[in-house]
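To keep things clear, I will list the structure first and then write my remarks on it.
A short reminder: the numbers here are calculations on the coordinates, not readings from a lab. Keep in mind the model is a prediction, meaning the values are calculated, not measured. Ideal geometry is used to build each Cβ from the backbone, glycine not excepted, and the neighbour counts take in all protein chains shown.
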Amino acid sequence: MNTRIENLLVPQIASTNVVVTELVDLTPVTVNPKASVNEVIIEQGRIVVNAQCEESARQGQNYVKQLELLFEGKVPTCQFDFYNPVWRYRGFHIDVVRHFMSVKELKRIIRAMALVGFNHFHWHLTDDQGWRFAVDGYEKLESISSKRVKYEFDDERNVHSGFYSDADLKDVVDYCSELGIEVIPEVEMPGHAEALLAAYPEFGCTGKEIPVQNSWGIFENVMNPASEQLWTFLKATIAKLVSIFPSKYIHIGGDECPHVQWETNEGCQRIMKENGLKDTNELQGWFTSKASALVKSFGKRAIGWDEVVDAPEIDESVVVMSWRGLEGAKIASSRGHEVILTPQNAGCYLDRYQTSEDYELGNWSICTARDAFDLDISMKDLPQKQRDLILGAQCNLWAEKIHTGREAEYMMFPRAFILADNLWLGEKRDWDSLCARKKAMADLCYYLDLVCSPAKW
Ligand code: ACM
């Protein structure tokens, strides 16, 4: 055995030339989270993690777990230093609406994400094609909104429905909490709401019955900001989420909401007149502020996709997820909003193809491993005051073409590992070091029973 430790671990460690020569049995890890250094010491009969903060202490233990996996239950004697995380928000998103994923499938991915230092799981729970959890008093969410007919990209492996019980949600929350991950639930509003409107047309603008959507795209049937019944429902929904998710955030969607129905809806026109709103963009801003105030009334903070800043003014407490590129982050931070980067064109959209090979699974464009490495989370071109509002970044896995948990894994790994390096190391990240750890990343997936894409990078 003549392996170098720095070629094995994600995120990259600070020490170099630490050569492993001997394997010993795993022993309980002694953790000191108030040390002056970050280091892992593995000796015969003794494993110590010294760290400068709780997060680093956890990652030190994650390094020990990675070694335990890679050396099949033993650990190598060694001593190495590692870094503190650069970014405080290190997120991953999974869409369980377009195709449902079981708790078991999710946990397999979550475990790997925790091992490499991710600390937020953004759970996309509602969309046009489904609604995935119960709200007391709204039973049709399960009987109608959670089911759809066959979808254009479905094949014989697909389920066309799926609903998490409260126990399922809590199970995931508890599992994540053990691993140091905060779970942020998302309820899409006011757009991407056809599954909800299929069960409760009175929350929409036309009152017409529609089916749960079985295709994907952007649809005109959206929530009606003027519906009192809708706001009663949203209050019950947020109350339900707050009762299960301890996260300080609730994601309130906000993306891709067509306004055509608002243009002619009497209630919408009335709200616009009463509030001096000059167009439907401002009406969406009004909706965002009302939804964010609702979230705030439960002691939580709202996060929204970057369309929320298409309106000239929204509550400053809303955190903005910049997905249509980095423009949203620029605008939002110039207006004092905290921001999370998840640009679809720069290394964060894991639903995109990994290479140009014909056999690749994916949507529209190519998002390579190098793109995830290259993402400049620090946005060097912005004034410092705006840069201070960047919380971190997130990778997103949209599931229009992801039929199974295994396909989800193929899309996530290794690109998510590369973003993990970027988030943990910032400017210290190093492409050659990443490339030297390619095999270790594939091995980590192997030992965690995960599919890892063999795409070249
Ligand atoms: C998004 O990708 N529509 C946020």
Using only the alpha-carbon atoms, how far is helix 280-297 inclined from the longest principal axis of the chain? Give it as 0 to 90 degrees, nearest 10.
60
So between ARG406 and ASP171, what do we pick up on full extension, going 0.36 nm a residue minus the alpha carbon distance?
82.5 nm
Can you list residues whose amide H is under 5 Å from ARG90's amide H, if they're 5+ apart or on another chain and H is modeled 1.01 Å from N?
ASN119, HIS120
If I model a spin label as a point 7 Å beyond the Cα along the Cα-Cβ vector, how far apart are those points for THR16 and ILE366 in nm?
3.0
Let's test this: bin the Cα-Cα distances of region 182-276 at 10 Å from zero up to the farthest pair and state each bin's percent.
16, 44, 32, 9, 0
For region 12-84 and region 159-202, distance of Cα centres in Å:
36
Grab the alpha carbons of region 350-409, take their convex hull, and tell me the volume per residue in Å³.
108
How do the peptides 419-429, 390-400 rank, highest first, by the average count of neighbouring beta carbon atoms within 10 Å per residue?
390-400, 419-429
Using the Cβ atoms and a cut-off under 10 Å, what net charge is assigned to the surroundings of SER333, where Lys and Arg are +1 and Asp and Glu are -1?
+2
Would you pull out the residues with amide H under 5 Å of ILE47's amide H, same chain only if 5 or more places away, H placed 1.01 Å from N?
THR30
Here the equivalent ellipsoid of region 283-381, derived from its Cα gyration tensor, has semi-axes (largest first, whole Å) of 30, 15, 11
Run the quick spin-label model on ILE218 and ASP358: label points 7 Å from Cα toward the beta carbon, then report their separation in nm to one decimal.
3.3
Per-residue ellipticity at 222 nm attributable to helices in the chain (runs of n ≥ 4 DSSP H, -39500 (n - 2.57) apiece, nearest 500 deg cm²/dmol) works out to -9500 deg cm²/dmol
What order do you get for 165-177, 353-365 when each peptide is scored by the mean count of other beta carbon atoms within 10 Å, highest first?
165-177, 353-365
What list of ³J(HN,Hα) values in whole Hz, one per residue of region 30-41 in order, does the Karplus curve 6.51 cos²θ - 1.76 cosθ + 1.60 (θ = phi - 60°) give from phi, with Gly and Pro shown as x?
8, 10, 10, x, 10, 8, 8, 9, 9, 8, 10, 10
Between 0 and 90°, nearest 10: helix 415-425 axis offset from the chain longest Cα axis:
70
Average projected area [Cα convex hull, region 15-141], square nanometres:
10.8
Residues in region 10-43 that a label on THR77 would reach, taking backbone N under 15 Å of a point 7 Å out along Cα→Cβ:
19-27, 41-43
Difference of contour (0.36 nm per residue) and Cα-Cα distance, LYS456 to GLN384:
22.2 nm
The answer for the net charge of residues other than GLN229 whose Cβ lies under 14 angstrom from its Cβ, with Lys and Arg +1 and Asp and Glu -1, is 0
In units of 2.2 N^0.38 Å, what is the alpha-carbon radius of gyration of the chain?
1.01
Out of residues 5 or more away from VAL96 or on other chains, whose amide H comes under 5 Å of its own, with H placed 1.01 Å from N in the peptide plane?
HIS124
Give, as a single signed number, the net charge of other residues whose beta carbon lies under 10 Å from the beta carbon of GLU313, with Lys and Arg counted +1 and Asp and Glu -1.
-2
Can you give the angle from 0 to 90° between the axis of helix 103-115 and the longest principal axis of the chain, with both taken from C-alpha atoms, to the nearest 10?
50
Computed from the beta carbon distance with a Förster radius of 41 Å, FRET efficiency for LYS296 and ASN84 to the nearest 0.05 stands at 0.85
